Every structure is written in C-alpha cells, then in structure tokens.
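Quick notes on the structure that follows.
The values are calculated or read from the model by the stated rules, or taken from the named source; none is laboratory data. Note that the coordinates shown come from a computational prediction; the quantities given were computed from them, not determined experimentally. Note that we place each Cβ from the backbone using ideal geometry, even for glycine, and neighbour counts take in every protein chain shown.
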Amino acid sequence: MEETGAWIRAAVAGLGGEMRGPISQPHVRPWSTVLLVPTGEGDLFFKASSPALAHETALTLALSHRYPELVLPVLAADPARGWMLLPDGGRRLRAVLQERREPRRWLELLPRYAELQIDAARDRDSLLSQHVPDRRPARLPEVYKAFLTSERALGSGTPFALSADEISRLHLLRSRFAALCAQLESGPIPATIQHDDLHDGNVFVERERCFIFDWGDASIAHPFLSLRVALRSVAHGLELAEDDRAVTSFRDAYLEPWTRFAPQGALVETLAATRPVGAIARMLAWDLALAGVDDLGDHAEVLPSLLREFLEMTSK
C-alpha cells in the first residue's frame with residue numbers, strides 16, 4: 001500500500017493537484033481494487049487490476065484516446081502494473097434509472113457503443129498485441145471442450161456441481177456449439193472489442209453524457225455478445241421482463257449501425273446464435289478474473305451456472 005500511495009501522490013502532483021485527505025479503499029475484489037483519492041479539485045479514483053487483468057489499463061488508455069466522448073479519460077497510468085488514475089465520472093446509470101425509469105439513456109448509448117465497436121475493429125490486431133484476450137468464435141470450441149473436463153467449471157466438490165446427466169448432455173452438444181461458432185466466424189460481422197459486462201452499474205452519467213467504464217472483462221470477440229448482459233440490464237433497470245416486446249426497441253437501437261454489414265433480419269438471426277455462445281464466452285471472462293484464487297467462496301457457483309444457462313438455451 002505504501003508503494004501504491006507514493007505512486008498516487010506523485011500522479012496527483014504531476015497533474016498539478018493536491019491531496020486533501022487520506023486515501024480509502026471503497027471497493028476490493030479478487031480481480032481488482034479501487035481506491036478513493038480526495039484532492040482539491042475533487043475526488044479521483046485509482047484502480048489496480050490483478051496480473052491476469054492488467055491489460056485493462058492499456059486497453060482503457062487506447063479507448064479513451066480514440067473515443068473520449070464515450071470512455072473516461074485516464075489521468076495517469078502504469079500499464080505494466082495494471083494501475084490507472086481516473087476522474088470522477090458522475091453518477092452511475094443505475095442510480096439515475098432508480099429515480100426516473102426513462103429509456104432514453106440506453107437508446108442513445110447502445111448505438112454509440114455499436115459505432116465504437118465498428119470503428120475499433122480496425123484496431124483489433126493492435127489490441128490483441130496489448131494482451132486483450134482473444135475470444136473470437138473460432139477459438140471457442142476448444143475452450144468448450146476444456147471446460148467439460150475442468151473441475152472448477154463443473155463445480156466438482158461443491159453444492160453447485162453439475163450432474164452426470166448434465167455433463168453428458170454438454171458433451172452431446174459439442175458439435176452444435178461448434179456449428180454456432182462457425183456460423184458467427186463466417187458471418188459478415190467483424191470481431192472487435194466486446195465489453196462483456198455492459199450493465200447500468202458500469203455506465204457513468206454526467207449531465208447529458210454517458211461514459212462506459214470497467215473494461216476488465218473486455219475481449220476481442222463477436223460484438224453482439226455484449227447484448228447478453230446489456231439487454232438484461234435494460235430490462236431489470238426499467239422493470240421489464242427480459243422477453244418483453246419493449247426490449248426489442250433497445251436491441252434494434254444497437255443493431256441499427258450494423259445494418260451497413262447485413263440486413264436487419266439477418267442481424268437478428270446472428271444475435272440469436274450469440275446467446276448460447278455468449279454463456280461460454282462469459283465463462284472465459286470469469287475464469288480469467290478468478291485466476292489464482294484458490295478459495296472461490298461465493299463465486300464457486302458462477303461457472304457451473306453458466307454451463308446450465310447454456311444447456312437451458314440449447315434445449316429450447
């Protein structure tokens with residue numbers, strides 16, 4: 001903590017600022033921690049990622065430089081250590097929606113995020129070289145196979161363990177999963193940055209602007225995987241059922257920029273294929289976040305539950 005504090009103080013001084021109180025730690029998880037840094041110009045936030053997610057700093061730097069209208073600026077950073085200093089981004093969208101459940105914020109944000117993804121596809125190789133995880137569809141069948149022999153993924157020895165019948169069904173679905181991945185890989189939509197945890201708790205609202213933050217789970221993948229979390233968050237925040245027809249308008253707002261690649265109907269079909277694939281891709285994000293964690297504790301259920309989600313979606 002002493003080394004971290006010294007780095008923060010030097011960064012604040014380098015920005016021409018001045019500390020105005022002790023540093024506190026309001027947020028700590030196995031994969032990252034956030035420190036509150038009070039200064040004369042307002043609160044700043046220091047984020048340190050685990051070694052497995054240290055690439056988040058370089059990724060956030062790259063995205064904030066190219067898309068300042070949608071990604072918070074990084075005030076200071078040490079990419080090698082996975083450290084960065086960020087400004088106060090405002091209120092979280094979740095809190096805003098609790099006061100007034102209006103759809104406008106999401107309807108404006110989703111197509112802007114899609115445009116970011118479309119533009120960032122050209123930087124795919126550069127982002128991969130900065131250790132952003134590669135979760136493109138072609139890689140996922142082997143990942144799926146590996147999860148079927150992973151004690152952690154199967155929940156072995158925990159109350160959440162998959163049954164022999166569930167495991168057998170998962171093995172039988174290998175070819176179907178591979179076909180879904182092949183469909184996505186061969187389609188017209190390019191792999192690009194995919195946030196993978198785009199919910200209303202990871203969006204800041206400052207006056208009329210929204211900023212997406214917390215890119216630690218992001219990867220290079222099929223972009224439509226983002227809607228797995230985003231549409232659930234929309235439904236929950238606006239008190240709608242996930243299959244409510246009103247949710248379709250948010251889906252269509254996101255898909256509209258992609259119509260330059262394929263007609264709307266084809267995009268909806270592609271999105272349907274990403275839903276079961278997304279459950280397995282999400283397992284990769286969790287597996288990386290929990291790398292090096294021996295006692296999973298409350299997180300022991302996460303990977304088995306995603307395999308069950310995949311089973312449920314492929315049995316319909």
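Inspect region 263-272 for any residue being modelled with pLDDT of 95 or more and outside any helix (DSSP H, G or I) and give the result as yes or no.
Looking for residues that are modelled with pLDDT of 95 or more and outside any helix (DSSP H, G or I), one finds at least one in region 263-272, hence yes.
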Check your understanding: For residues in region 29-48 being under 14 Å from R9 (Cα atoms) and among the aromatic types (F, W, Y), which is surrounded by the fewest Cβ atoms within 10 Å (Cβ to Cβ)?
Key -> F45
Practice item. Can you tell me which residue among A285, A281, A218, A289 is under 30 Å from L162 (Cα atoms), touching a His at 6+ places or on another chain (Cβ under 7 Å) and surrounded by 20 or more Cβ atoms within 10 Å (Cβ to Cβ)? Key: A218
Revision key, fill the gap. In region 137-166, residues that are of a type outside the set (S, T, Y), within 25 Å of W215 (Cβ to Cβ) and in contact with a helix residue (DSSP H, G or I) (Cβ under 7 Å, 6 or more places away or on another chain) total 7
Practice item. Show the residue pairs that are 6+ apart or on different chains and have beta-carbon atoms under 9 Å apart, the first residue being within region 18-31 and more than 17 Å from N202 (Cβ to Cβ), the second being in a strand (DSSP E or B) and hydroxyl-bearing (S, T, Y). Key: E18/T39; M19/T39; R20/T39; G21/T39; Q25/T33
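Listed here are the residues, each with its yes/no results for (1) touching a residue at least 60 places away in the same chain (Cβ under 8 Å); (2) in contact with a Pro (Cβ under 9 Å, 6 or more places away or on another chain); (3) not in a loop (DSSP other than H, G, I, E, B).
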site	(1), (2), (3)
A178	no, yes, yes
A182	no, yes, yes
F204	yes, no, yes
I220	yes, yes, yes
V229	no, no, yes
D244	no, no, no
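Condition check ((1) surrounded by fewer than 19 Cβ atoms within 10 Å (Cβ to Cβ); (2) in contact with a strand residue (DSSP E or B) (Cβ under 7 Å, 6 or more places away or on another chain)) across all residues:
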site	(1), (2)
A76	yes, yes
D88	yes, yes
Q98	yes, no
L109	no, yes
A114	no, no
Q117	no, yes
A120	no, yes
A161	yes, no
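Checking the conditions here, which among P103, P68, P79 is touching a helix residue (DSSP H, G or I) at 6+ places or on another chain (Cβ under 9 Å) and free of Cβ contacts under 8 Å to residues at least 60 places away in the same chain?
Numbers: P103 fails: free of Cβ contacts under 8 Å to residues at least 60 places away in the same chain; P68 fails: touching a helix residue (DSSP H, G or I) at 6+ places or on another chain (Cβ under 9 Å).
After applying the criteria, what remains is P79.
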Check your understanding: Could you say whether any residue in region 23-30 is under 30 Å from A191 (Cβ atoms) and either outside the structural domain of E206 (by TED's automatic domain parsing) or in a strand (DSSP E or B) (or both)?
Key -> yes
Study note, to complete from the structure: When restricted to A95, A58, A48, the only residue assigned to a helix (DSSP H, G or I) and within 18 Å of the chain's Cα centre (by Cα) is A58
Review point. Where residues in region 238-255 are among the charged types (D, E, K, R) and over 21 Å from the mean Cα position of the chain (by Cα), which of them is modelled with the lowest pLDDT?
Key: D243
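Within region 279-293, can you find the residues that are in contact with a helix residue (DSSP H, G or I) (Cβ under 8 Å, 6 or more places away or on another chain) and in a helix (DSSP H, G or I)?
Step one: of region 279-293, the residues in contact with a helix residue (DSSP H, G or I) (Cβ under 8 Å, 6 or more places away or on another chain) are 279-284, 286-293.
Result: A279, I280, A281, R282, M283, L284, W286, D287, L288, A289.
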Review point. Within the bounds of region 113-124, is there any residue that is assigned to a helix (DSSP H, G or I), under 19 Å from S219 (Cα atoms) and free of Cβ contacts under 8 Å to residues at least 40 places away in the same chain?
Key: yes
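Any chance region 264-282 includes a residue that's among the acidic types (D, E) and either in contact with a strand residue (DSSP E or B) (Cβ under 7 Å, 6 or more places away or on another chain) or without any contact (Cβ under 8 Å) to a residue 40 or more places away in the chain (or both)?
Step one: of region 264-282, the residues among the acidic types (D, E) are 269.
Keeping just the survivors that are either in contact with a strand residue (DSSP E or B) (Cβ under 7 Å, 6 or more places away or on another chain) or without any contact (Cβ under 8 Å) to a residue 40 or more places away in the chain (or both) gives 269.
Scanning region 264-282 turns up at least one residue that is among the acidic types (D, E) and either in contact with a strand residue (DSSP E or B) (Cβ under 7 Å, 6 or more places away or on another chain) or without any contact (Cβ under 8 Å) to a residue 40 or more places away in the chain (or both).
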